Each structure stands twice: as structure tokens, then as C-alpha cells.
Amino acid sequence: METNKNNKNSASEENTENNSHGEVVANGQPQEVDPQKAAIEAAQKAEKEILYIRAEFDNYKKRLIKEQETAIKMANKNMISELMSVLDLFEHAIAHSSKLKAKGDSDVTNFVTGIEMTRSELTQLMNRFGVELVGKVGEEFDPEKHEAISEIESKDQPANTVFSVVQKGCMLHGKLLKPARVVVVKAS
């Protein structure tokens, strides 16, 4: 039985062979291959492969450029997170100094005004580098931008809005770095 299979395989090998002149031999009948047609087919195949490789390379370059741009934009991420802590300190200083400023002492008023100007300049500087501050009183609570630390009932503000901002958050080029820590008005 095995010998029979070997005979069939050798018979089929004999049926289709290439001879020394580049002709395909099928069932003992030589079939001539047109060398010009074969060359055209090979050239078309090579052209398709080149186009595919060129497209792959162009996609690779675009992806690499996009990754580099993202890396450059996000390179300041750690520094901006640290600057947010400084901005929070300015916010607390201004909030606590409002009573002192109201007393009317010109030295204290000038000092508080200096702190406010420094905070404003820091905020503008961060905005120039793509930072957007998150967390404003009265805005709709958004769990993607806010971290609710507590809820409070209020008749002055609608439910599910920010009642107060404990700590501002920030976004860098549209990506959240730090959520704002807020107190939310709860539904009654």
C-alpha cells in the first residue's frame, strides 16, 4: 500500500516538472512560459510590495511623530503637579487674608495684593503651558474632573453642583492630572 502511494507521488512529480529551458512540463506536454509576461508579473508583485512597505513606513513615521509630540507635551507633568501644590498654598493664603485686608491696614493690603498678583501670574504661566484649572463653585459635578469629598444640602444651589472647592485640580493638554476636591450639593 505504501509503495503504491510512493508510486503516485513520483508519478505526479513526473507529470509536472521544469525542464532546463524554463518550460513547465505538465503530463509530459511542455508548456512554454512567456518570459516577458513572467517579468511583468514579477515587477507588478515587487511594486505592490514596495507600496505596502512604503505605506507601513509612512504610518510608522506618523505614529513616532505623534508619540514624540505627546511625550513633549506631557514632559512637564510632574513639575505641574508640584506647582499645583504651590497654587493651593496661594489660594489658602488669599482666603485667610481677606479678613486682614478688610481691616484697612495699608501694609497688609499691599502684602495681600502682592500674593494675589503672584497667584495670578502663576496661573497665567501654567495656562501658557497647556494647563487648565478645574473646579469652580456652581459648575455641574463631573466625576471625571472632580473628587467629591463630602455632600451638603443647599437651597441656594441646584443639586449635583459644586458647592465649594477645597483644592483645585488641573488638566494638561486635555488630560486630567489632578481632580478638583469639591463639596457637592446633594439632592433633597
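The values are calculated or read from the model by the stated rules, or taken from the named source; none is laboratory data. Computed from a predicted model, the values in this text were never measured in an experiment. All Cβ positions, glycine included, derive from the backbone under ideal geometry; neighbour counts span all protein chains shown.
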Evaluate the following for residue 41: is it within 56 Å of the chain's Cα centre (by Cα), more than 30 Å from residue 175 (Cα to Cα), of a type outside the set (Gly, Ala, Ser) and at pLDDT 60 or above? yes
Just name the residue that is nearest to residue 125 (Cα to Cα) out of those in the range 40-79 that are small (Gly, Ala, Ser) and in a helix (DSSP H, G or I). 71
Given the criterion among the basic types (Lys, Arg), under 31 Å from the mean Cα position of the chain (by Cα), surrounded by fewer than 18 Cβ atoms within 10 Å (Cβ to Cβ) and under 22 Å from residue 128 (Cβ atoms), identify the matching residue among 175, 168. 175
If you go through the range 70-90 one residue at a time, do you hit one that is within 23 Å of residue 164 (Cα to Cα), surrounded by 10 or more Cβ atoms within 10 Å (Cβ to Cβ), in contact (Cβ under 8 Å) with a residue 24 or more places away in the chain and among the small types (Gly, Ala, Ser)? yes
Kindly evaluate residue 140 against the criterion of being in contact with a Ser or Thr (Cβ under 7 Å, 6 or more places away or on another chain) and surrounded by fewer than 15 Cβ atoms within 10 Å (Cβ to Cβ). yes
Limited to the range 66-99, what total is found for residues that are farther than 20 Å from residue 178 by Cβ and more than 13 Å from the chain's Cα centre (by Cα)? 4
